[in-house]
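Have a look at the structure below, then the notes.
The values are calculated or read from the model by the stated rules, or taken from the named source; none is laboratory data. Because the structure is a prediction, the values reported are computed rather than measured. Glycine gets a Cβ as well: all are built from the backbone with ideal geometry, and neighbour counts include every protein chain shown. These area figures cover heavy atoms from the full protein model, side chains too; ligands, DNA and RNA do not enter into them. Shrake-Rupley method; radii C 1.70, N 1.55, O 1.52, S 1.80 Å.
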Amino acid sequence: MKTFLKITISLLLLLNACQKQTPVELVDNTDDSNLINIQTLPPSVDSLYIISGEDSSGNIGMWNSKFFAKMVFQAIRIDRAIKSDSFVIAEAIFFDKNNPIRHNNRTIAYPSFDIGLLRFNNQILNKFQRRIMVPMHGDSAIGYRYHLRNSYEYNYINSWSSSGNDSFPPMEFTINTPAQIRITNLTAGSISVTEPLNIKWNCSNPEINLFISAESGSLLQRQLIPVLHLKIKNTKGEITIPVRILELLPVRKYSRFMFTFTSENKFTREISGYPEKILIYTASVHSIMMNLQP
């Protein structure tokens, strides 16, 4: 290949010497760095928003901690070497910012509102009591969070509604979900970080997020540790991640990494009677567990 390039460049220079001289530009079409934006990860996940234990790499909990109310819908596919799974989850929580729970002059939690019956596409979300151990006061109930898990189904128009109660107003609205994403050429297995990684997908969203998390612990108590977040311009339905980005992964400390691709849509809305902006987040998620070799 190097010999071919040398011959080609020599011919171009010879041709230019016989004609009017013009600049010779060499373009490397194999590097997609111009389509990739490396994002800074927060020092810790948003611990206030306790989402379910679903293994989607926790991408929603990694940012947006400034919001005190969140309504989340994710359609998730997970591919592992021995098992694949797919499901949808809907979750919500509404914190009471004005009544923080404090200990030793610092806020340790916020209570959350009971908003009555909460429905996603006419299905009632389960309501779970939140509890916390408060020093000198013992175990205390601090409100509710809402959660629903169903078999995989993807609708492009979805609705949220709640009955409300004396302390929280009722609400109802519809949302549009983003284009689904499905990785087409990457399967759970082993790859080397010494070679560029080409990834193809089916998705029309103009931007794709890739969250890479290291897996630690045992299979029974595994933990995903966020390592890298890439924002990718979806101009051609694929990306080639260069070696210099893959080398940022701590492969000498961890060997298993979850590659989580998301097609997202998020916005905020306000409702009369609740003082905080509500983050509305919807995503199509495809997670693939990979063994990385240095």
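Give me the percent of accessible area attributable to carbon and sulfur for the stretch 103-154, probe 1.4 angstrom. Present the calculation step by step, with values, prior to reporting the outcome.
Values: 1450 of 3150 Å².
Carbon and sulfur together cover 46 percent of it.
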- Given a 1.4 Å probe and the protein chains all in place, what does the accessible area of S159 round to, in Å² to the nearest 10? 40
- Query: Put a dot 7 Å past each Cα toward the Cβ at N198 and Q39; how far apart are the dots in nm?
  - Reply: 2.7
- To the nearest 10 Å², what's M258's accessible area with a 1.4 Å probe? 0
- Item | Order by protection proxy (mean Cβ within 10 Å, highest first), peptides 268-275, 234-241 | 234-241, 268-275
- Which of K70, K83 is most accessible, then next, and so on - probe 1.4 Å: K83, K70
- Note on the structure: Surpassing 30 Å at the alpha-carbon level, of the pairs K83/K277; K66/K231; K97/K253, are K83/K277; K97/K253
